[in-house]
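What follows is a single structure, written as structure tokens, with notes after it.
The values are calculated or read from the model by the stated rules, or taken from the named source; none is laboratory data. Predicted model only: the values in this text are computed from it and were never measured. Backbone-built Cβ (ideal geometry, glycine too); neighbour counts: all protein chains shown.
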Amino acid sequence: MEMRKVISVIVLNEHGVLTRITGLFAARGYNIESLTVAPIPNSKYSRLTIVTNGSPRVIEQIIKQLHKLIPVYKVIEHSELVEKEMVLAKIPLEERLADVEALCRAYNGNIVNIGVDSAIIMAADEPNRIANFINALKRFNPKEIVRSGVVAIER
Amino acid sequence: MAKMSGAQMVVEAMREEGVEVVFGYPGGAIMNVYDEIYKHRYFEHILTRHEQAAVHAADGYARATGKVGVAFVTSGPGFTNAVTGLATAYMDSIPIVVISGQVPLSMIGTDAFQEIDAVGISRPCTKHNFLVKSAKELPRILAEAFYLARTGRPGPVHVDIPKDVTAEIAEFDYPKEIKLETYKPTIKGNARQIKKAVEAIAEAKKPVFYLGGGIIHSNSSDLIRELVHATQIPAVETLMARGVLRYDDPLLLGMVGMHGSYAANMAMSEADLLIALGPRFDDRVTGKLSEFAKYAKIIHVDIDPSSIGKLVHVDYPIVGDLKYVLSELVPQAKEKVDPSRYEAWREILKRYEELHPLTYEDSNEVLKPEWVIERVGQKLMGKARISTDVGQHQMWAAQFYPFTRPREFITSGGLGTMGFGFPAAMGVKKGVPEEISVNISGDGSILMNIQELMTAVEYRLPVINIILNNNYLGMVRQWQTFFYDKRYAETDLSMQPDFVKLAESFGGVGYRVKTKEEFDKALDDAISKGVVALIDVVIDRYENVLPMVPAGGSLYNMLLEYKD
């Protein structure tokens, strides 16, 4: 029985630490659906948010194996969480920007920049709503779509 | 605090850690360190003739003594040669520290001469590794490397030091105590879980002790012997746990797994409770997982939480250092467990032992490898350390040698590294010089680190190599016989050197024996002379290791005999 799982990993912010994490996933055949990483303000640690999937036994192993890495301080296995993902997209200026803007607003977003031939828009919402947003965006002929991957925090 | 170069820090750190011996091989990137070794004779340096052998020797030293083994190698090919050694130690949780030279920091990433991404390569086969970026951090990193190697679940640690860092001058401030915020192994087991485990033992009808290598690493064999005798519960040993119980202990059913004894494998298959103390449920032990111990509840004690529940469901998980867990568990078990409870179970297992004892058919025409092992045991029991290479000879040694103590049997279990035995036996001799160091090998394995004859002769490390020579890559040949319809693809090794002349050319002593009398004479001679020896023993070409559980088969379905 496959399940989707969001895991946060607090790691020492040192040389090669990301390779240790991704290497572990690769070596043991675990999946990474998305991975985000950034330093934690005013500390020597970074926080990774990993979205993965697997059977309960695999998920348990992933968590234990992550714990085993020496620079890993903490592994947070989320159950009650708030998840957000951000998306940036380029829309041609010929499209109806008023409609685009209305769509963005519905997904906590906005038009963030207007260039010579395209507008850059953003939205930030739950991952499944971001999927809907991208779907809805299609009729405005987006030239490029960039997703950030998931960040999560325990409720 | 004194100012000194990074190279000097390396040798000073060895002094701080009480390192007696380093196995190594110099080269361009690590020359500054070797220059310091030349100036300060703080420890003995053994120049092996290949970097792989240096790491295996450090590994053998660690296995025999329980101390951290150390090896030095240079960058590039020096390091890549050492990788098999690291992986071997990693799979068997052996504490070693390997220090490699690296090209100068400014040249890293330029494909410089003898440059390789060493930490990139060693990452998946070490417990941890470091690339040192400045001499300032070198003392801390070296202290952490030793600390990580020996604590928690032990393992190899690799430190990669660029050449300019070994030349850089900085303060040498060696930490007296290591505290790592991100690394805190669980030592004491959960008291409630221990209590529940004892209750499960007291209520079981058919319990069996499943003893693993963790017992040896944690030095808890004495507690295990006390526990087994107090409860009168039968026990099986994995390959890595040979010697935890004495070979003649009435409660020892023998080795378990692919080449385990009939009684040991049947005990696992029919038990209602497995008391797993420091094993890791390796596939060579469990066979087909869905059939493994399927009537049993499982207690599993291990220092590594990721070992518990990795392959089988565990009913009573206990994370902790076995020694601490047992110091809690043994007194409780003595109080609550009634040994007479398992009498019927012991009776059943005794029948199994009588039904299919571990045995072989001896011959007067040709030497049987099992006889050779038994003979070595008769002569050296309790006063020698037995290293092995990998293959049939390794299994015969594990089955037929009379082990009396932990750290007596030195073998590459997890990785199964041919070429391990001879260099490991040199490390063993260095660590335990008062005992005889024997390497039981095969005609395939011995050639995989034969150059170490030179090291052993030079440093007077009188390893007695016993080659069980069947002119075959025997274990693979056995599988070809059983499962590949006797298509012996590339396993015929009848093209061989003259091992006697080979040994002599290096300054050792060689023997070629074909009879029991000749073998006795050769072994006695090698022992009395105290020299580096190769005893080339011509054995039955087609002898098989039995019993055998075919890979992926169930433990209770053993091949007990093979008739052509």
Within the range B:281-303, is even one residue among the polar types (S, T, N, Q) and more than 20 Å from A:Arg57 (Cβ to Cβ)? no
Could you go through the range A:110-124 and let me know if any residue there is more than 14 Å from chain B (Cβ to nearest Cβ) and touching a Pro at 6+ places or on another chain (Cβ under 7 Å). yes
Name the single residue that is surrounded by the most Cβ atoms within 10 Å (Cβ to Cβ) among those in the range B:137-180 being hydroxyl-bearing (Ser, Thr, Tyr) and farther than 30 Å from B:Leu322 by Cβ. B:Thr166
Regarding the range B:297-305, can at least one residue be identified that is under 20 Å from B:Ile224 (Cα atoms), part of a helix (DSSP H, G or I) and more than 11 Å from every other protein chain (Cβ to nearest Cβ)? no
Of all strands (runs of 3 or more DSSP E) fully inside the range B:1-106, the set with 1 or more residues that are touching a helix residue (DSSP H, G or I) at 6+ places or on another chain (Cβ under 9 Å), without any contact (Cβ under 8 Å) to a residue 12 or more places away in the chain and crowded, with 19+ Cβ neighbours inside 10 Å is none
Residue set B:Met268, B:Met255; condition under 20 Å from B:Leu223 (Cα atoms) and crowded, with 18+ Cβ neighbours inside 10 Å; output residue B:Met255
Is it true that some residue in the range B:521-533 is touching a Lys or Arg at 6+ places or on another chain (Cβ under 8 Å) and within 18 Å of B:Trp371 (Cα to Cα)? yes
Candidates A:Leu81, A:Leu69, A:Leu103, A:Leu93, filtered to the one that is hydrophobic (A, V, I, L, M, F, W, C) and within 14 Å of another protein chain (Cβ to nearest Cβ): A:Leu69
State which residue is farthest from the other protein chains (Cβ to nearest Cβ) when the search covers only the range A:4-24 and only residues that are among the hydrophobic types (A, V, I, L, M, F, W, C) and within 17 Å of the chain's Cα centre (by Cα). A:Val6
Checking A:Asn42, A:Asn31 in turn, the sole residue that is away from every other protein chain (no Cβ under 13 Å), polar (S, T, N, Q) and surrounded by fewer than 14 Cβ atoms within 10 Å (Cβ to Cβ) turns out to be A:Asn42
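Okay, residues lined up against (1) outside the structural domain of B:Ala425 (by TED's automatic domain parsing); (2) surrounded by fewer than 22 Cβ atoms within 10 Å (Cβ to Cβ):
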| residue | (1), (2) |
| --- | --- |
| B:Glu452 | no, no |
| B:Ile466 | no, no |
| B:Tyr472 | no, no |
| B:Phe506 | no, yes |
| B:Lys516 | no, yes |
| B:Leu546 | yes, yes |
| B:Leu555 | yes, no |
| B:Lys563 | yes, yes |
In this structure, is A:Val58 more than 16 Å from the chain's Cα centre (by Cα) and within 14 Å of chain B (Cβ to nearest Cβ)? yes
For B:Leu253, indicate whether it is more than 25 Å from B:Pro331 (Cβ to Cβ) and within 14 Å of another protein chain (Cβ to nearest Cβ). no
Pick from the range A:32-55, criterion more than 16 Å from the chain's Cα centre (by Cα) and small (Gly, Ala, Ser), ranking: nearest to B:Glu181 (Cα to Cα): A:Ser43
For the range B:368-375, check the following and say yes or no: at least one residue is over 20 Å from B:Tyr472 (Cα atoms) and either touching a residue at least 12 places away in the same chain (Cβ under 8 Å) or touching a helix residue (DSSP H, G or I) at 6+ places or on another chain (Cβ under 7 Å) (or both). yes
If A:Ala131 satisfies all but one of (1) within 14 Å of chain B (Cβ to nearest Cβ); (2) more than 30 Å from B:Gly155 (Cα to Cα), what's the number of the condition it fails? (1)
Restricting to the range A:45-55, and then to whatever is free of Cβ contacts under 8 Å to residues at least 60 places away in the same chain and more than 13 Å from chain B (Cβ to nearest Cβ), can you tell me which residue is farthest from A:Glu126 (Cα to Cα)? A:Gly54
Whether any residue in the range B:229-239 is free of Cβ contacts under 8 Å to residues at least 60 places away in the same chain and surrounded by fewer than 16 Cβ atoms within 10 Å (Cβ to Cβ) is what I want to check. yes
Scan the range B:315-323 and tell me whether some residue there is closer than 30 Å to B:Asn469 by Cβ, more than 14 Å from every other protein chain (Cβ to nearest Cβ) and surrounded by 14 or more Cβ atoms within 10 Å (Cβ to Cβ). no
Can you tell me how many residues in the range B:101-112 are away from chain A (no Cβ under 14 Å) and hydrophobic (A, V, I, L, M, F, W, C)? 3
Take B:Ile373 and tell me if it is in a strand (DSSP E or B), farther than 26 Å from B:Val22 by Cα and over 13 Å from the mean Cα position of the chain (by Cα). no
Buried (at least 24 other Cβ atoms within 10 Å of the Cβ), within 29 Å of B:Lys127 (Cβ to Cβ) and over 21 Å from the mean Cα position of the chain (by Cα), is that true of B:Leu326? yes
Condition first: at positive phi, outside the structural domain of B:Gly413 (by TED's automatic domain parsing) and touching a Gly at 6+ places or on another chain (Cβ under 7 Å). Can you find one or more residues in the range B:114-124 that meet it? yes
Every pair of residues 6+ apart whose Cβ atoms lie under 6 Å, when the first sits in the range B:318-342 and is among the polar types (S, T, N, Q) while the second is surrounded by 21 or more Cβ atoms within 10 Å (Cβ to Cβ): B:Gln332/B:Val198
Residue within the range B:347-366 that is more than 14 Å from chain A (Cβ to nearest Cβ), surrounded by 19 or more Cβ atoms within 10 Å (Cβ to Cβ) and among the β-branched types (Val, Ile, Thr) present: no
Just give me the residues in the range A:73-100 being over 12 Å from A:Arg155 (Cα atoms) and of a type in the set (Gly, Ala, Ser), in sequence order. A:Ala89, A:Ala98
